[in-house]
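Encoded as structure tokens, the structure appears first; notes follow it.
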Amino acid sequence: MAFDGITIACIVKELNDILLNGRVNKIAQPESDALLLTIKTQDKENKQARLLLSADASLPLVYLTDDNKPAPLTAPAFCMLLRKHLLNGRIVRITQPSLERVIRFDVEHLDEMGDIGIKTLVIELMGKHSNIILLDDDKILDSIKRVPSSVSSVREVLPGRDYFIPQTTEKLDPLTTDKTSFFMNIRAKAQPLFKALYTTFTGISPVIAQEVCFRAGIDADLPAASMSDAQATTIFEAFDGMMTQVREGAFSPELITVDNVPKEYAALPLTLYHKTQGSDVRSFADMSKLLHTFYAEKEAVTRIRQKSLDLRRIIQTALERNVKKLDLQLNRLKDTEKKEKYRLYGELLTAYAYMIPADAEKITLEDYNTGKEVTIPLDNSLTPSQNATKYYERYNKLKRTAQNLETLTKEVRAEIDHLESVAAALDLARKEEDLAPIRLELVETGYIKKHAKDKASAKELKTQPYHYVSSDGFDLYVGRNNFQNDQLTMKEAAGEDWWFHAKNLPGSHVILKTAGREVPDRAFEEAAALAAYYSKGASQDKVEVDYVQRKEIKKPSGAKPGFVVYYTNYSMVISPGLPK
């Protein structure tokens, strides 16, 4: 319930500032459960504003938008009814009952007789019960979704019925609740404190309830019934402080992104996220722009994840196969550790051959290196010399196996590191064009079969790296995939520039351009924080980051994209983050 009563209060204030006394110029119904109203505003420039009203069961919304949506050639019946009663009407009031998720638009218009009348357009933003309803003196004229008694026993939404807001739960108005009522109702709940808050008061979402607890400095999961008097007073003061902001219209819309994915939004500051690792807080001047940004970015993230599913599946399958292969190789390598025992057996049998009985099945000899006694199994069909030769052969075979396995495990570890780096690049993908270089890399490394359409080169698919500017004015560049990491580090960075990368973690190359200037400590720290942020350790509190001048970086011949080596470097431990 991110679109809660407080968010709606903020939207209502915004709509009053822009649309009040404006005239309804156009009405369209681009979708079965959505309206797009074009309002000629009363500002000096007489501009037009578009208002989107959506009663979609999964995503009910109200906000101002610059986007236009195509309407069907034949308008639906409800749209025609709205045009009849509201076109050219003047919006005289925009209100919200208490903190209900309801907005009422009172529109003044001329009826068939030329008399001035008032019609009310109501949008209820209540999940699957969302609706848009046209009223005449609280009598329902029609709605975008008709609700007969067979669907709802609580309230029929049909032409001719009386309109009322259904009271399905007994919740209190948070804007008028006093301290005594707050104490009595909250302490009566055998629930965690934050849940008691949003189940007791109208229009309070779980995230706002969490924010109240955070501002009060009280554990949100504390049982409400077990609060002390001091805790109850503190939580009321935090709650009343937020409600005062709502009453005064002192809204500060914020959008919270966690690990580059839109997470939450609210009409009031969500301070509980302000110092959360991996979170980015963006402030907006108005809620409409925030909502448009939030859902556009969320849709983009969802779309890119769907588009990248095949690539993720290929990477995950290859990773699992290589991890399994590495486990088998390591187990075999562990078995070769007994080779030194066989070498010792051979040496002792050779040294003490003169004192070993011909038919002995075992012999205990002193290890002349340690002085300890060693019992050696023998094949009594062989001479001591032949037994020694047999142990030497075992030793040499295991030695060769160990050498081969060390080479193979090194190759498999490199393959795992490469696949993890590709997976990290996939996590950074924000647009569909970001996927093309990743796919090409998988084609070139043999994980995807090459097709005729895979003719593009890495150069042709080059995208721009992320660009940031440090607090001291230094340019910081972040590679978005392995091809770009190579381009950025090996081609574009100068020898005196600084290179940053999360230590022993897949992630992006970060380049700090010096431009011949001396680099202050703060710039190093911000570049290191970027390298940590764009790595697999982004969600960790602290990440170790290596940094070195670009001239110290080498790329081995035949190395996979993004792989470089360096032998001298500095390191720092830093919290992941973006430059402020």
Note, ³J(HN,Hα) from phi for the stretch 122-129, Karplus 6.51, -1.76, 1.60, rounded to Hz, x at Gly and Pro: 10, 10, 9, 9, 10, x, 5, 9
Estimated FRET transfer efficiency when R0 is 25 angstrom, pair residue 400-residue 325 (beta carbons, to 0.05): 0.80
Partner aspartates and glutamates for residue 339 [C-alpha distance under 12 Å; skip if fewer than 8 residues away on the same chain]: 393
Selection from 133, 5, 234 lying farthest towards where the dipole of the chain points positive, charges on Cβ: 133
Fewest-first sequence of 155, 313 by Cβ atoms within 10 Å of each Cβ: 313, 155
Kirkwood-based shape ratio for the chain, expressed as Rg/Rh from alpha carbons: 1.17
Under 14 Å between alpha carbons - lysine pairs in the stretch 467-580 that sit 8 or more apart or on different chains: 7
Exposure proxy order (Cβ contacts within 10 Å, fewest to most) of 524, 474: 524, 474
Scaled radius of gyration (Cα, divided by 2.2 N^0.38 Å) that the stretch 466-574 gives: 0.96
For the stretch 179-303, alpha-carbon Rg and Dmax in angstrom: 15.7, 49
Two-site label geometry, residue 73 and residue 430: point separation in nm, points 7 Å out along Cα→Cβ: 4.1 nm
Net lengthening on full extension, residue 444/residue 259 (0.36 nm per residue, minus Cα-Cα): 63.7 nm
Leading residue at positive end of dipole, the stretch 466-574 (Cβ point charges), from 533, 473, 565: 565
3J(HN,Hα) from dihedral phi, the stretch 83-92, Karplus parametrisation 6.51/-1.76/1.60, rounded to Hz, x for glycine, proline: 4, 4, 9, 10, 4, 6, x, 9, 6, 9
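Calculate the dipole size of the stretch 181-271 relative to its Cα centre from +1 charges on Lys and Arg beta carbons and -1 charges on Asp and Glu beta carbons; express the result in debye to the nearest 20.
The calculated dipole for the stretch 181-271 is roughly 260 debye.
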Long-range amide H partners of residue 503 with built H, under 5 Å: 544, 545, 546
Karplus-derived 3J(HN,Hα), 6.51/-1.76/1.60, for each residue of the stretch 174-183, Hz, glycine and proline x: x, 7, 10, 6, 9, 4, 5, 5, 4, 4
Residue among 319, 520, 196 farthest towards the positive dipole end of the chain, charges placed on Cβ: 319
Label point distance in nm, residue 299-residue 496, each placed 7 Å from Cα along Cα→Cβ: 4.8 nm
Between helix 384-428 and the chain: long-axis angle, C-alpha atoms, 0 to 90°, nearest 10: 20 degrees
Fewest-first ranking of 194, 294, 236, using other Cβ atoms within 10 Å as the exposure measure: 236, 294, 194
Distance between modelled label sites at residue 252 and residue 335, nm, 7 Å Cα→Cβ extension: 6.5 nm
222 nm mean residue ellipticity, helices alone, for the chain (DSSP H n ≥ 4; -39,500 (n - 2.57); rounded to 500): -11500 deg cm²/dmol
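Bear in mind that the values in this text are calculations on the coordinates, not laboratory data. Values in this document were obtained by computation on a predicted structure and should not be read as measured data. Don't worry about glycine lacking a Cβ; one is built from the backbone with ideal geometry, like all the others, and counts go over all protein chains shown.
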